[in-house]
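Here is the structure we will look at, set down as C-alpha cells.
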Amino acid sequence: MLTTRTPQSPHRLALLGSMWLACAGQWRLWHTLARLPELADGRAPAFIGSTMVLLAALCTLVFSLLAWPRVIRPALSLALLGTAWAALGVDLPMDMPTPTLSVLLAGGPLAWLWSRPVLHSSDTWTQLLNNLGVAMAAAGVATAVLILSVADFSWMWLQHAELAELLSPVRLWRMLLLVQNVLFLPSPPTA
C-alpha cells in the first residue's frame, strides 16, 4: 500500500541537507582530525563536534537563502552531487570502493529529497521573512560556536592549514576550475 508523504517545508529541507553535508559529506576531515596527535588527549570529539555544528550552521545559512519551494531541492541536489564528486579519486582510509562512497553520500539523500513534496507558502513575504529568520538563526549559531571555540579553531587551522583542503567545497571548486581550464584552453596563435 502506497502512503502519502508529508510535505516538507523548504527550511526543514535546508536544515536536514546542511546537517547531512556537514556530517557525512565531510567524513575525510573528521577522520583526519580524529587522528591528529594534538587532539589525542581526548579533545577530538569536542573539537570535531563544534566544527560539525559550525559547518552545519554555515551550510544552513547558505541554503536558508535558497529555501524557496522550487529552488531548494535543485540547490541541495547540486550540493550533494558536488560532495559525492569531490569524494571521487581520494585515498580512502577504509576498504570501500569510491563509487560506493559516492552513492552513500548522494544517492540515499537524493532519493529521500526527491520523494518528498515541498510545502508551498501562500505568501511570498512570509516565505522571505522565514528564510531570513532561519538565516539569522544559523548566523547566530555559527557566531556563537566561533566565539566559544576561537582559541581552538585559530590554533588548529593555523597549525594545520592543509585541513582546509579536505573540505569538499574547496575540492569541488578546484575541480571545477580544472575542468574550466581544460575546456577553455586558449587556442594556439596562428602564424
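A few remarks follow.
- Among (1) surrounded by fewer than 16 Cβ atoms within 10 Å (Cβ to Cβ); (2) part of a helix (DSSP H, G or I) - the single one Gly42 does not satisfy: (2)
- One residue stands out in the range 138-158 among those that are among the polar types (S, T, N, Q) and closer than 16 Å to Phe47 by Cβ: the one that is surrounded by the most Cβ atoms within 10 Å (Cβ to Cβ), namely Ser149.
- Only one of His31, His11 that is at pLDDT below 85, under 18 Å from the mean Cα position of the chain (by Cα) and assigned to a helix (DSSP H, G or I): His31
- When the range 18-37 is filtered for residues that are among the small types (Gly, Ala, Ser), without any contact (Cβ under 8 Å) to a residue 40 or more places away in the chain and open to solvent by 20 Å² or more (accessible area, probe 1.4 Å), only Ala34 remains.
- Scope the range 63-105; condition crowded, with 22+ Cβ neighbours inside 10 Å, of a type outside the set (A, V, I, L, M) and either more than 28 Å from Asn130 (Cβ to Cβ) or modelled with pLDDT of 90 or more (or both); matching residues: Phe63, Ser64
- Take the conditions (1) more than 23 Å from Trp114 (Cα to Cα); (2) in a helix (DSSP H, G or I); (3) among the charged types (D, E, K, R); Arg73 misses just one of them, which is (1).
- Qualifying residue in the range 117-137 (condition: touching a Leu at 6+ places or on another chain (Cβ under 6 Å), modelled with pLDDT of 80 or more and either within 19 Å of Arg28 (Cα to Cα) or surrounded by fewer than 17 Cβ atoms within 10 Å (Cβ to Cβ) (or both)): no
- Among residues that are on the phi < 0 side of the Ramachandran plot and within 20 Å of the chain's Cα centre (by Cα), Leu132 is included.
- Answer residue from the range 1-17, given it is closer than 19 Å to Ala67 by Cβ and aliphatic (A, V, I, L, M) and is most open to solvent (accessible area, probe 1.4 Å) among those: Leu15
- Residue within the range 165-173 that is open to solvent by 40 Å² or more (accessible area, probe 1.4 Å), at pLDDT 90 or above and either under 30 Å from Arg5 (Cβ atoms) or under 16 Å from the mean Cα position of the chain (by Cα) (or both) present: no
The values are calculated or read from the model by the stated rules, or taken from the named source; none is laboratory data. None of the values given here were measured: they were computed from a predicted structure. Glycine gets a Cβ as well: all are built from the backbone with ideal geometry, and neighbour counts include every protein chain shown. Quick note on the areas: whole protein, heavy atoms, side chains included, nothing else; ligands and nucleic acids left out. Shrake-Rupley method; radii C 1.70, N 1.55, O 1.52, S 1.80 Å.
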